[in-house]
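Below is one structure; the comments refer to it alone.
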């Protein structure tokens, strides 16, 4: 029924899948969120929930002493989906929504957050302008945006013209990211999400992946401060060796089963020929034959 949760970006790292593929992951802290308000179709025209994240302290104006009351640090309204939605089935104010009730490994999600601020940026950085040539008297205008005039008609610059200005701090949504794991109040998302560390994120479930590959059993976390190239090389070698050993063991088991079946067939053939009188039996004396039958005993 509830299709979204609120979380906080913790860190970015990398993990390994079962086949040894290294992927970027983002760790997000998603605590249990209380229901602050309930929107119903009779009163508001639609069904939705207002959930809170974190707590902030507010001074009680009626009491100037040390007494304080708490309120949610961040509020977000989320939609409620389902065929049997009614006022009776809707969560009540004060109910707790945990991440395990909404998400599971293998879900596809849309993550919305505020992007990092880049300050005042020019057209080349902000909109990937090509810039002008270095020659023909323009050696000092390589990154200039160029002319913005519109001639006599309309005699002005159109609104929304791409120019230098403030970059970043926009509401950005990254769609179809994959949930790798859900561990208590922390989830791992494949890929990167908007914003810097401690950015508040709205995570909305959009579907389920057709094919989901879980993390490797001995997942290796790469720390940038600890010589990442060396750590990555050692991790890749260890994973490759372990995968190869597993393949060899499976091959051995398969081969052993086949040899056992062949040996049983040979033994049955020898017994049948031994029961027939007056016939000489040629027995394979290889080690794989089950039981050594002498020619005299067979006669």
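Taken together, the values in this text are just the output of simple stated rules run on the coordinates, not laboratory data. Remember, it's a predicted structure, so these values are computed and weren't measured experimentally. Reconstructed Cβ throughout: ideal geometry from the backbone, glycine too, with neighbour counts over all protein chains shown.
Here are some notes:
- Histogram of C-alpha separations across the stretch 1-155, 5 Å bin width, %: 2, 6, 10, 11, 10, 10, 9, 9, 8, 8, 7, 5, 3, 1, 0
- For 127, 120, order by how many other beta-carbon atoms lie within 10 Å, fewest first: 120, 127
- From most to least packed by mean Cβ count within 10 Å, the peptides 144-151, 184-191 give 184-191, 144-151.
- For the pair residue 130 and residue 150 in one chain, pulling the backbone fully straight at 0.36 nm per residue adds 5.2 nm over the alpha carbon distance.
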